[in-house]
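Everything on this sheet refers to the single structure shown next.
The values are calculated or read from the model by the stated rules, or taken from the named source; none is laboratory data. Note that the structure is predicted; figures quoted are calculated from it, not measured. When we count neighbours, we look across all protein chains shown, and the Cβ atoms used for this are built from the backbone with ideal geometry, even at glycine. Ligands, DNA and RNA are excluded from the accessible area calculation, which covers all protein heavy atoms including side chains. Shrake-Rupley method; radii C 1.70, N 1.55, O 1.52, S 1.80 Å.
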Amino acid sequence: MNEFWEAKVTLQWAELGSSYDVVIIGGGGHGLATAYNLAVKHGITNVAVIEKDYIGGGNSGRNTTVIRSNYGKPEPVRFYQRSLDLYRQLEDETDRWIMHDERGLLWLAHTEAGRRQERSRSSMNLAFGAETHFVEPEEIAKLAPGINLDAGGEFPITGGSLHVGGATARHDRVNWAFAEGAMRAGVTIVQGVKVEGLILDGDRVVGVKTNTGDVAAGTVVSAVGGHATTIATMANVRLPIRTHPLQAFVTNHYEQTWDAIVASNDLGFYISQTARGEMLGGSHIDPQPSYSRRSDHHFINEISRRIVALFPFMGNLRVLRQWTGICDMSPDYTPIMGFTSAPGFLITTGWGTWGFKAIPAGGEAMAQLIASGETPELIAPFSIDRFANDRTLADRGSSGTH
Amino acid sequence: MALRIPCPHCGTRAIDEWVYGEIPIVPDAITDADARDVDRAYFHNNAEGVVREAWFHLYGCRRWVTVERDSRTDTFL
Ligand SMILES: Cc1cc2nc3c(=O)[nH]c(=O)nc-3n(C[C@H](O)[C@H](O)[C@H](O)COP(=O)(O)OP(=O)(O)OC[C@H]3O[C@@H](n4cnc5c(N)ncnc54)[C@H](O)[C@@H]3O)c2cc1C
Ligand SMILES: [Zn+2]
């Protein structure tokens, strides 16, 4: 790796064939990382990734790139911590600079109850391997320069937790690193090809129908982000997913270096600084289920008001760009991965507003599942059966908005 | 995108005045009573296309309104 010069990513596009051992629908981070792991770790190379637009054109190229493992339940903490560890190794492993930056994430509390919650979350996180410490307001003032600790009187900061492993990475580079590695190992990746139907043999899914022709498959993996229900319906599989838009924005350059990633659940936003010096912000999903990726002024208006209460310096910056992705929200804010009631049809969904951090571990686990035919222990709690079995993993407070 | 929802009583109003209400439809193909309960509790039609849905005009006439919307474009029909 060289910070000044970097070989261009070499993406070798192939023609789509007519039959594969594994067909992955969707060239987002999860589809690409699954393909990469299948080919590189398990020697399963007769694999195709079919992407309707361009790779990373979905949420994997639209997110705010927060990587963290400070979740609220043991099973997700363990899983996301694995992903955090894999992100740390990804540059060495793929020989690509993904701009991984472990800068720490500060999660603010604004009430006494919030303070207690951050305390207990810190100890739970520590117990399951995700280093997190409770911090007092004085320390928060040092970690987030320019913060207004009494937030105009309305949302005074009562404490918070510092998640030491909190990080960011350049999303496109993550997608390209996995795509390049997969292509080198022999995976076929095609863009501009849309899956319009599934080929069924009884209940079993045996291939996909695309706008350029049919493709037979031993296994079909749906990794389509917000379009999860559309594809699953073709396999007669019901999903507990609702698709909601999520918006984000960046400002012009802020002249100070600003290290931490800061999140406030009560105020419903989080911010960080990009490598270009822009301040990057995000908030809640839009309330209506929708597949529309139109952005709006309403969002900027709302979020600015709340951000400026806590960070007055942001009031002097200007919004440069805003954009929207459509998120596959699960009812318990936890992923849904693995086998379905349709043989030959696997899903990786429920990534909602939180799935960028999960790309390395998600791809690793899906590939293990396909290679071995068995669900890896790490993701067993995320099976779709949990809803019927009363084993949901409700974690709204910590999945939050990123 | 922030919706503006048509109210037959108050006119078209900003989404902040409203509460979303899904109209859950459990497929007839699910016949087992427990399975129907699970479906109603957790599963969704989440259609990519025209959807029928209810909105409660909380900060307005406080009535439920049923509308049709294209979930691909957010336009009301
Ligand atoms: C604004 C925003 C901010 C976010 N911030 C964060 C964050 O800070 N941290 C975090 O961890 N997560 C974040 N997320 C969530 C994260 O981006 C997603 O969970 C993750 O990228 C999902 O990856 P994926 O591969 O499952 O889906 P996607 O990246 O959406 O990929 C799915 C792909 O499938 C393709 N596809 C769909 N239908 C078809 C079809 N019929 N045929 C062929 N291809 C098809 C799409 O074109 C798309 O490229 C954010 C999301 C958004 C929108
Ligand atoms: Zn009304």
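Couple of notes before you dig in:
- Residue in segment B:15-33 that is within 16 Å of ligand 2 (Cβ to nearest atom) and more than 14 Å from the chain's Cα centre (by Cα) present: yes
- From B:Val51, B:Val65, residue being buried (at least 18 other Cβ atoms within 10 Å of the Cβ) and closer than 21 Å to A:Ala232 by Cβ: B:Val51
- Among the residues listed as B:Arg52, B:Arg40, B:Arg36, the single one being more than 17 Å from B:Ile15 (Cβ to Cβ), more than 15 Å from ligand 2 (Cβ to nearest atom) and in contact with a Ser or Thr (Cβ under 7 Å, 6 or more places away or on another chain): B:Arg52
- Being modelled with pLDDT of 95 or more and within 11 Å of chain A (Cβ to nearest Cβ) holds for only one residue in B:Glu17, B:Glu68, B:Glu48, and it is B:Glu48.
- The residues on offer are A:Gly362, A:Gly338, and the sole one that is outside any strand (DSSP E or B), assigned by TED's automatic domain parsing to the domain that holds A:Ala182 and open to solvent by less than 10 Å² (accessible area, probe 1.4 Å) is A:Gly362.
- Any hit, segment A:237-249, residues being open to solvent by 10 Å² or more (accessible area, probe 1.4 Å) and hydroxyl-bearing (Ser, Thr, Tyr): no
- In segment A:109-124, the residues that are crowded, with 21+ Cβ neighbours inside 10 Å and out of contact with any helix residue (DSSP H, G or I) (no Cβ under 6 Å at 6 or more places or on another chain): A:Gly114, A:Glu118, A:Arg121, A:Ser122
- The listed residues are A:Gly186, A:Gly192, A:Gly166, A:Gly129, and the only one of them that is within 18 Å of A:Trp107 (Cβ to Cβ) and at pLDDT 95 or above turns out to be A:Gly166.
- Counted residues, segment A:38-78 - those being assigned by TED's automatic domain parsing to the domain that holds A:Gly362, over 12 Å from the mean Cα position of the chain (by Cα) and either at negative phi or assigned to a strand (DSSP E or B) (or both): 18
- Residue within segment A:304-318 that is of a type in the set (Lys, Arg), within 13 Å of ligand 1 (Cβ to nearest atom) and part of a loop (DSSP other than H, G, I, E, B) present: no
- All positions within segment A:149-160 that are modelled with pLDDT of 95 or more and surrounded by 18 or more Cβ atoms within 10 Å (Cβ to Cβ): A:Ile157, A:Thr158, A:Gly159, A:Gly160
- In segment A:83-111, residue farthest from the chain's Cα centre (by Cα) [restricted to those that are part of a strand (DSSP E or B) and of a type in the set (A, V, I, L, M)]: A:Ala109
- Residue within segment A:276-288 that is more than 14 Å from every other protein chain (Cβ to nearest Cβ), surrounded by fewer than 16 Cβ atoms within 10 Å (Cβ to Cβ) and modelled with pLDDT of 95 or more present: yes
- Checking each residue in segment B:51-65 for being among the aliphatic types (A, V, I, L, M), more than 8 Å from chain A (Cβ to nearest Cβ) and without any contact (Cβ under 8 Å) to a residue 60 or more places away in the chain picks out B:Ala54, B:Leu58.
Every residue, every condition in (1) within 14 Å of chain B (Cβ to nearest Cβ); (2) out of contact with any strand residue (DSSP E or B) (no Cβ under 6 Å at 6 or more places or on another chain), yes or no:
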{"site": "A:Arg294", "(1), (2)": "yes, yes"}
{"site": "A:Arg305", "(1), (2)": "yes, yes"}
{"site": "A:Ala309", "(1), (2)": "no, yes"}
{"site": "A:Leu317", "(1), (2)": "no, no"}
{"site": "A:Ile336", "(1), (2)": "yes, no"}
{"site": "A:Ser341", "(1), (2)": "yes, yes"}
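- Per-region count, segment A:365-393, residues of a type in the set (Asp, Glu) and in a loop (DSSP other than H, G, I, E, B): 2
- Of all the listed residues (A:Asp332, A:Asp328), the sole one being under 24 Å from the mean Cα position of the chain (by Cα), crowded, with 23+ Cβ neighbours inside 10 Å and charged (D, E, K, R) is A:Asp328.
- The conditions of being under 19 Å from A:Thr132 (Cα atoms), of a type outside the set (D, E, K, R), within 14 Å of ligand 1 (Cβ to nearest atom) and modelled with pLDDT of 95 or more are met by A:Ser69.
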